[in-house]
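J.: Handing you a structure now.
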Amino acid sequence: MIHSMTGYGKSVLQLPTKKITIELKSLNSKNLDLNARMPSIYREKELYLRKLMAKELDRGKIDFSIYVEATAEDTSTKINTPVVKQYIQQLKNVVDGNEIELLKMAVRFPDALNTEREEIDNTEWAKIETEIKVAIASIKEYRLNEGEVLESDFKNRVATIENLLDQVIAIDPERVEGVRERLKKGVEDLREKYDENRFEQELVYYIEKFDITEEKVRLKNHLSYFIETLNSNDSNGKKLAFIGQEMGREINTIGSKSNYAPMQQLVVQMKDELEKIKEQLLNVL
């Protein structure tokens with residue numbers, strides 16, 4: 001079963017004083033490309049989270065975000081009362097003014113406010129970590145569902161290529177006979193006497209150069225191997241891409257050897273289907 005690299009996962013945690021939203025988005029990428037956005041209080045957990053994402057999501061361009069929304073009065077900033085009172089007293093010695101206006105000025109001065117550094121609460125983090133794993137499970141389910149759509153499309157296109165290959169095989173004897181007749185007519189048009197046995201030997205040699213038996217067999221095998229890999233338990237987009245390259249090599253060789261318009265038309269259709277497969281393989285995990 002294949003998985004898409006495109007996915008989305010989300011989980012929401014409601015705590016007594018805050019609401020925490022965890023989001024995961026992923027797109028295709030050759031390797032793991034993780035962009036993490038989170039409040040500074042959780043930064044010390046970033047390395048652990050990166051290892052977790054690498055293990056669970058393998059690869060892809062992944063955006064991971066933790067959003068915190070305060071839902072109750074909860075602040076780590078406190079007024080430094082003694083310092084503010086000193087500022088007000090000093091200001092009174094300089095100017096006469098309303099105490100409210102002096103207070104407005106005083107709280108703007110250095111050290112008027114104390115901001116305490118928040119520490120991670122282990123109990124709170126345990127709940128957040130659980131929700132992160134819920135979001136990961138959600139994005140993996142999304143990737144699986146997208147993979148099922150891709151798998152169905154791949155199987156249809158491989159079946160189309162196989163059908164076109166069967167048509168190539170069916171008209172191959174006609175192509176060979178056409179080559180034979182064209183060569184024979186060309187020699188006869190020269191109005192020269194020729195050795196029939198020598199002509200047949202040269203004809204066989206010429207036709208062998210355009211023989212596509214091996215390419216037909218190898219392409220059949222590659223198509224079967226592609227489906228076999230699709231049906232395996234592992235999702236391996238890179239392996240499928242390699243098989244796709246081999247399929248393309250055989251199709252191109254058949255096209256270059258065919259020297260027959262009806263067969264070349266079938267080859268063009270096979271190439272078109274294969275290009276669509278290769279394009280979608282970029283999204284496979």
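J.: ARG43: outside the structural domain of ASP153 (by TED's automatic domain parsing), free of Cβ contacts under 8 Å to residues at least 40 places away in the same chain and closer than 30 Å to ALA112 by Cα, yes or no?
T.: yes
J.: Moving on. Quick check on the stretch 207-224: of everything there that is touching an Asp or Glu at 6+ places or on another chain (Cβ under 6 Å) and not basic (Lys, Arg), which residue is surrounded by the most Cβ atoms within 10 Å (Cβ to Cβ)?
T.: LEU219
J.: Across the stretch 253-285, which residue is farthest from SER26 (Cα to Cα) among those that are touching a helix residue (DSSP H, G or I) at 6+ places or on another chain (Cβ under 8 Å) and without any contact (Cβ under 8 Å) to a residue 24 or more places away in the chain?
T.: Among those residues, the one meeting the criterion is GLN264.
J.: Still on this structure: If only one of VAL149, VAL168, VAL158 is assigned to a helix (DSSP H, G or I), surrounded by fewer than 19 Cβ atoms within 10 Å (Cβ to Cβ) and of a type in the set (Val, Ile, Thr), which one is it?
T.: VAL149
J.: Now, a different point. Please indicate, with yes or no, whether at least one residue in the stretch 249-259 is in a loop (DSSP other than H, G, I, E, B) and at positive phi.
T.: Checking the stretch 249-259: at least one residue is in a loop (DSSP other than H, G, I, E, B) and at positive phi.
J.: Would you please list the contacts, defined by Cβ atoms under 9 Å and residues six or more apart or on different chains, that run from a residue in the stretch 141-164 that is more than 14 Å from LEU274 (Cβ to Cβ) to a residue that is at pLDDT 95 or above and aromatic (Phe, Trp, Tyr)?
T.: TYR142/TYR8
J.: What are the residues in the stretch 213-250 that are more than 20 Å from SER4 (Cβ to Cβ) and touching a residue at least 60 places away in the same chain (Cβ under 8 Å), if any?
T.: Once the filter is applied, which keeps residues that are more than 20 Å from SER4 (Cβ to Cβ) and touching a residue at least 60 places away in the same chain (Cβ under 8 Å), the stretch 213-250 yields LEU223, MET247.
J.: Okay, moving on. Just one of LEU52, LEU24, LEU57, LEU13 is more than 30 Å from LEU282 (Cβ to Cβ), surrounded by 14 or more Cβ atoms within 10 Å (Cβ to Cβ) and hydrophobic (A, V, I, L, M, F, W, C); which is it?
T.: None of the others qualify; the one that does is LEU13.
J.: Checking ARG191 against (1) charged (D, E, K, R); (2) at pLDDT 95 or above; (3) more than 30 Å from ASP272 (Cα to Cα), which single condition isn't satisfied?
T.: (2)
The values are calculated or read from the model by the stated rules, or taken from the named source; none is laboratory data. Note that the structure is a prediction, hence the values are computed from the model and not measured. All Cβ positions, even for glycine, are placed from backbone atoms using ideal geometry, and neighbour counts span all protein chains on display.
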